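Here's the structure, in structure tokens; my notes come after.
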Amino acid sequence: MATFNLNINGKTQIVDVDPNTPILWVLRDHLDLVGTKYGCGIAQCGSCTVIMDGNAVRSCSIPVSAAEGTKITTIEGLSEKGDHPVQKAWMEHDVPQCGYCQAGQIMSAVALLDNNPNPSDTDIDNAMNGNICRCGTYVRIKKAIKTAANS
Amino acid sequence: MSIVKTKLDRRSFLKASALAGGGMMLSFSWLAGCKPSPKEVALGLPDEWFEMNAFIKIGENGAVTLFNPNPEFGQNVKTSMPMILAEELDVDWKNVWVEQADFYPERYGRQFTGGSQSIRQGWQPLRTAGATARAMLVAAAAQSWNVPANEITTESGVLIHQASGKKAGYGEMASLAATLPVPEEVELKDKKDFKIIGTSKKNVEVNKILTGKPLFTIDYKKEGMLVAMIEHAPAFGMRLKSFDAAEAKSMPGIKDVFSFKVHQDDYEHNFFDTTTHYEMIAVVGNTTWEVMQAKKKLKAEWEVAPERSIMQSGFGGNASKVKIPAGLESSEGHRARMEEFSKKPGNILRRDGDPEAAFKKAAKILERTYNAPYLAHNCMEPVTCYAHVTADQAELYGPIQAPEVISNTLSARLGLPKEKIQINLARMGGGFGQRAYGHHLVEAAVISKQVGAPIKMVYSREDDMTYGIYRPTYTATYRAALDENNKLLALHVKAGGIPETPIAPNRFPAGALDNYLAEGWAIESNITIGAFRAPRSNFIASAEQSFLDELAEEMDKDPIDFRLELLERAKTNPVGSNNDYDAERYAGVLKLVKEKSNWGQSEPGIHRGVSAYFCHNSYVAEVLDLRLEGNKPVVENVVAAVDCGIVINPDAAANMGEGAIVDGIGNAFFGELPFKDGVPQKNNFHQYRMIRMAEAPKKVEVHFVKNDIDPTGLGEPLFPPIFAAVSNALYQATGRRLYNQPFMKELESEITRM
Ligand code: FES
Ligand code: FES
């Protein structure tokens with residue numbers, strides 16, 4: 001066990017956990033931030049995507065020991081009222097089905113648009129390819145990303 | 001306008017209070033994130049709610065709570081079922097707050113998500129419930145104003161008496177209405193007067209989903225709750241021999257490690273009690289990560305299990321003995337046995353005319369065999385369940401499509417009467433049929449009972465993917481007899497699988513052919529299977545619709561026109577009397593897809609495939625366009641035409657259709673779970689390829705046939721036809737017919753062979 005000082009959604013959080021604990025489980029089990037989801041645990045599905053220092057990362061595969069000194073944003077910290085342009089675009093297109101993958105999809109999309117405000121279809125495909133949606137909402141996700149890019 | 005008797009649905013009108021004495025009341029402490037916040041109901045939260053019936057509560061300020069009876073797994077019933085209530089109740093949708101009903105069949109009747117039946121079977125009861133509450137509000141106003149009830153009209157939550165100019169909101173009459181007798185009969189609206197049904201409403205939970213609120217079982221937390229994981233045998237056909245828990249137990253945060261039996265040995269199984277592993281090891285601890293680490297330290301020995309048999313009831317009830325064979329099975333062995341069975345006569349499922357004679361005199365016989373592998377469901381939320389079991393009651397919160405069945409199982413396993421078992425229905429992170437099988441509820445309950453604490457059981461992705469309850473592997477051989485003029489004389493299909501045949505014998509093209517023969521066979525196995533988005537249809541549609549495509553080509557006919565000719569025959573002069581489809585509606589979707597896809601117009605580099613199917617009471621035709629980028633197929637566009645009667649929530653219906661199409665393309669291209677010595681050869685997404693953004697179609701259009709027919713379901717029907725639309729388009733693109741799913745694998749092996 002060790003103590004870690006984390007910056008999550010702009011707040012300092014102190015946790016005392018095994019240094020190997022992935023950020024995903026620190027968020028879910030220790031900080032009650034359960035918007036970030038578990039889907040595979042091996043960086044293959046994107047359900048656990050959070051933004052770390054501006055980049056979309058798979059929180060299931062990064063130990064908490066690597067998180068100190070970084071800034072992490074989770075779905076809960078994206079906006080206060082759920083009105084981040086990407087959330088609004090998702091709402092406009094009524095994207096989710098079961099909804100399980102969507103937090104991860106949104107975080108990947110936010111990171112994409114922050115780094116590339118006008119992505120091409122190929123840019124979108126590349127940035128979103130790490131996020132699986134078994135419900136098959138990809139067509140709407142792409143539309144929503146374009147809507148958000150134009151807003 | 002139509003008059004319906006409310007009596008039929010009497011139990012829906014039972015008041016919660018009337019039942020309170022009998023069972024455990026609904027005291028489940030709901031997740032904080034699931035409570036309505038005042039701003040989410042346009043009118044704000046009322047001081048008091050008045051219950052009209054099980055589905056409807058109205059506040060004194062006019063706010064309305066509607067209860068969604070069925071489990072939600074992404075098919076959007078939580079929005080569409082309340083829309084039906086709201087329509088007949090005649091309220092403004094913006095004043096509606098929707099809550100998930102707990103499992104409470106005495107009040108809600110059927111609470112089952114599966115077979116695309118929620119809307120079809122909920123249609124009449126929900127309309128009746130809405131209309132009844134409205135009638136009671138009208139009666140309350142009539143009494144208060146001393147005017148005849150039939151002079152009172154309603155408009156979006158307002159009661160109006162035109163002659164006297166009196167007006168009142170529903171909220172003002174709710175307390176009186178709730179005390180009035182339930183009318184014997186009520187009027188339902190004319191369909192042409194629908195204001196909510198047929199207009200797109202956003203998913204009622206979209207806000208919570210987009211902001212990461214705790215909606216799913218895996219998000220659930222309660223004071224004192226522990227986390228549990230299981231370890232199951234690594235292979236089908238194996239069982240636990242012994243284990244050493246010492247090291248796992250000594251790991252930080254671990255409370256207990258033990259083995260447990262999912263069912264008692266002599267247990268008579270319910271229909272959805274499919275269980276792969278009868279004995280497992282549970283690891284229970286404080287946090288998920290700690291439990292995951294301890295699980296790795298388990299030292300378990302597994303042994304080959306002997307053959308056994310269980311008693312299991314069928315879908316309708318009757319119990320029979322089911323054999324679970326011994327052995328460690330492999331895909332290679334499966335293939336050989338299926339080939340062997342394909343050559344033997346099967347059980348005759350339907351026979352019209354004299355097919356054997358027709359084949360004898362045929363000038364030409366076209367024969368093709370289609371194969372498909374086992375598929376894993378891979379719901380994005382792995383199997384999970386919360387349970388808190390004490391000596392005299394049990395409380396569960398979990399993803400379950402069929403709560404009614406599992407409540408019987410739990411009662412038997414825990415030795416508690418059903419009314420002491422409360423099952424609360426979580427939003428599911430996918431279901432696709434797999435969550436109809438509630439073994440996880442039993443496992444969580446047994447673990448909770450053993451440790452004497454509330455627990456949340458979570459499967460790892462690996463546990464989930466290798467547990468079983470898969471889509472079976474199938475094969476189908478189609479034969480067509482043609483005369484010297486290329487006229488179709490007879491059709492013969494023989495199809496089977498492990499462990500079931502995929503044939504629906506009374507479905508098209510049966511009914512369209514004078515001479516028709518359908519045979520089925522099955523091979524038993526210890527690999528467990530279960531419903532998977534349009535069970536059986538999801539394979540047989542792919543084989544049949546590929547074959548019809550090849551047959552049309554052989555007969556030099558346009559593939560859509562060929563299907564329409566057959567359907568014309570089935571409509572005007574059907575063969576046999578048990579045909580389970582309406583040929584006119586079937587033809588209707590083909591005509592619509594023909595028009596919407598501009599069928600017949602070719603675009604350079606674009607290759608098209610068409611396919612159509614009827615299942616789960618709805619009709620679908622699809623045209624898929626792809627082009628080749630080098631050797632790689634890229635799906636450009638899919639146009640679907642659907643006849644599911646009245647569409648409740650059009651944009652959400654289109655979303656469901658798009659998803660089924662994408663899901664189907666993914667499974668057609670990549671879906672496969674092979675076995676070696678009983679071990680599933682894939683256990684996570686690095687091995688099990690799922691469709692991703694880059695492989696999804698660039699565009700999907702879903703068109704609905706407009707009619708006034710009572711609605712039928714949508715979760716499944718768009719899925720089965722897309723497989724053949726893929727293979728038929730791939731044939732156009734490559735000149736090669738593909739007979740083995742997953743197609744990408746066959747395509748790649750063909751390419752390397754060339
Ligand atoms: S859970 Fe992290 S990528 Fe799947
Ligand atoms: S919405 Fe269900 S997995 Fe994406």
Scope segment A:47-62; condition within 24 Å of B:ASP463 (Cα to Cα) and touching a Lys or Arg at 6+ places or on another chain (Cβ under 7 Å); matching residues: A:SER47, A:CYS48, A:THR49
Residues of segment B:322-336 classified as under 30 Å from B:PHE508 (Cα atoms) and under 30 Å from the mean Cα position of the chain (by Cα), total: 2
Selection within segment A:125-150 - under 12 Å from B:GLY659 (Cα atoms) and part of a helix (DSSP H, G or I): A:TYR138, A:VAL139, A:ARG140, A:ILE141
Residue list for segment B:484-500, restricted to those being more than 17 Å from B:ILE540 (Cβ to Cβ) and either crowded, with 22+ Cβ neighbours inside 10 Å or in contact with a helix residue (DSSP H, G or I) (Cβ under 9 Å, 6 or more places away or on another chain) (or both): B:ASN486, B:LEU488, B:LEU489, B:ALA490
Selected residue [over 15 Å from B:ALA54 (Cα atoms) and not aliphatic (A, V, I, L, M)] from B:TRP97, B:TRP93: B:TRP93
Residue within segment A:11-26 that is among the hydrophobic types (A, V, I, L, M, F, W, C), more than 23 Å from B:THR384 (Cα to Cα) and touching a residue at least 60 places away in the same chain (Cβ under 8 Å) present: no
Sole residue being in a loop (DSSP other than H, G, I, E, B), touching a residue at least 40 places away in the same chain (Cβ under 8 Å) and either at negative phi or facing another protein chain (nearest Cβ under 9 Å) (or both), chosen from B:ASN667, B:ASN683: B:ASN683
Options B:PHE103, B:PHE112, B:PHE73: the member that is touching a Lys or Arg at 6+ places or on another chain (Cβ under 7 Å), in the same structural domain as B:LEU159 (by TED's automatic domain parsing) and assigned to a loop (DSSP other than H, G, I, E, B): B:PHE73
Segment A:8-18: number of residues that are assigned to a loop (DSSP other than H, G, I, E, B) and either within 11 Å of another protein chain (Cβ to nearest Cβ) or crowded, with 16+ Cβ neighbours inside 10 Å (or both): 2
Residue within segment A:46-62 that is within 12 Å of ligand 2 (Cβ to nearest atom) and within 25 Å of B:PHE685 (Cα to Cα) present: yes
Complete set of residues in segment B:703-754 that are β-branched (Val, Ile, Thr) and either surrounded by fewer than 24 Cβ atoms within 10 Å (Cβ to Cβ) or in contact with an Asp or Glu (Cβ under 9 Å, 6 or more places away or on another chain) (or both): B:VAL705, B:ILE709, B:THR712, B:ILE722, B:THR734, B:ILE751, B:THR752
Any chance A:ALA103 is touching a Gly at 6+ places or on another chain (Cβ under 6 Å), within 16 Å of ligand 1 (Cβ to nearest atom) and modelled with pLDDT of 95 or more: yes
Flag if B:ASN207 is buried (at least 19 other Cβ atoms within 10 Å of the Cβ), under 30 Å from B:ALA652 (Cα atoms), in the same structural domain as B:THR79 (by TED's automatic domain parsing) and of a type in the set (S, T, N, Q): no
Segment A:19-42, subset facing another protein chain (nearest Cβ under 7 Å) and among the hydrophobic types (A, V, I, L, M, F, W, C), residue nearest to the chain's Cα centre (by Cα): A:VAL34
Test: residue in segment B:406-429 that is within 14 Å of chain A (Cβ to nearest Cβ), farther than 19 Å from B:PHE272 by Cα, touching a Ser or Thr at 6+ places or on another chain (Cβ under 7 Å) and part of a loop (DSSP other than H, G, I, E, B): no
Some residue of segment A:91-99 being part of a loop (DSSP other than H, G, I, E, B), more than 9 Å from every other protein chain (Cβ to nearest Cβ) and either more than 13 Å from ligand 1 (Cβ to nearest atom) or of a type in the set (Gly, Ala, Ser) (or both): no
Sole residue being in contact (Cβ under 8 Å) with a residue 24 or more places away in the chain, outside the structural domain of B:GLN741 (by TED's automatic domain parsing) and under 30 Å from B:VAL204 (Cα atoms), chosen from B:ALA621, B:ALA652, B:ALA641, B:ALA534: B:ALA534
Only listed residue being modelled with pLDDT of 95 or more and surrounded by fewer than 23 Cβ atoms within 10 Å (Cβ to Cβ), chosen from A:GLN97, A:GLN44: A:GLN44
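Residue by residue, here is whether (1) in contact with a Pro (Cβ under 8 Å, 6 or more places away or on another chain); (2) away from ligand 1 (no atom under 12 Å from the Cβ); (3) at pLDDT below 95; (4) within 18 Å of B:THR217 (Cβ to Cβ) holds:
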| residue | (1), (2), (3), (4) |
| --- | --- |
| A:ASN5 | no, yes, no, no |
| A:VAL17 | no, yes, no, no |
| A:ILE23 | yes, no, no, no |
| A:GLY39 | yes, no, no, yes |
| A:VAL57 | no, no, no, no |
| A:CYS60 | yes, no, no, no |
Some residue of segment A:114-121 being within 13 Å of ligand 2 (Cβ to nearest atom) and under 16 Å from A:MET52 (Cβ atoms): no
Pick from segment A:70-90, criterion part of a loop (DSSP other than H, G, I, E, B) and without any contact (Cβ under 8 Å) to a residue 60 or more places away in the chain, ranking: farthest from ligand 2 (Cβ to nearest atom): A:GLU80
Where B:PRO454 falls short, out of the listed (1) crowded, with 21+ Cβ neighbours inside 10 Å; (2) under 24 Å from the mean Cα position of the chain (by Cα): (2)
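The values are calculated or read from the model by the stated rules, or taken from the named source; none is laboratory data. All figures in this text were calculated on a predicted structure; none of them were measured in a lab. In this analysis, Cβ positions are derived from the backbone assuming ideal geometry, glycine residues included, and neighbour counts consider all displayed protein chains.
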